[in-house]
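For reference, the structure discussed in these notes is given below.
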Amino acid sequence: MSDTFAEFVGARSSRLLRTAYLLTHDWAMAEDLLQTSLVKAWGAWRRIDADPEPYVRRILVNTYSTWWRRRWSVERPTEKLPDSTVDDQHGAYDARDEVWRALGRLPRRQRAVLVLRYFEDLTEAQTADVLGVSVGTVKSQASKALARLRLDETLVAEGADR
């Protein structure tokens, strides 16, 4: 059993870490999330049939949601970031960063749907299975999330500047 678990971790942890990072936007937190999820998976390893990746991915997303609920009362988002110690000599900012921030403003479920559908390239059915919701919920959450991104003022302003 431990050999198959070790093989799974060796083969799939980088992909799962990427998913964790896309959810958290922080490499250290993503590593903690993945490690916690793998510990939970180890406890259930004997019960997992067939391909364990969807099972572990679901643990990952559920753990992420649980962490958010626990940390919400402690962490407070701010509108302005602290001044940067590095001068941007060209005055340009990275559009990718703006997209990350816009994703961060989405509700957790909508962000999870976008990450699983478009970054992890899962089908609607696979995404629904990971999140434990219906395919219709995945479709509606993706549609709402994309609509919010289209109306996000920072992204609209970014597109107008080009």
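I'd like the FRET efficiency for Thr66 and Lys144, computed as 1/(1 + (r/R0)^6) with the beta carbon distance as r and R0 of 22 Å, rounded to 0.05. FRET efficiency, Thr66 to Lys144: 0.45. Measuring nothing but how far apart in sequence close Cα pairs (under 8 Å, 6+ apart) lie, relative to its length, the stretch 1-74 scores a relative contact order of 30 percent. Placing a label point 7 Å from the Cα of Trp42 along the Cα-to-Cβ direction, the residues of the stretch 1-29 with a backbone N closer than 12 Å are 2-3, 5-6, 9. Straightening the chain between Asp49 and Gln35 buys 2.9 nm, computed as 0.36 nm per residue apart minus the Cα-Cα spacing.
The numbers here are math on the coordinates, done by the rules we state, and not lab data. Since the structure is predicted, the reported quantities are computational estimates derived from the model, not experimental observations. Methodologically, a virtual Cβ is constructed for each residue, glycine included, from the backbone with ideal geometry; neighbour enumeration extends over all protein chains shown.
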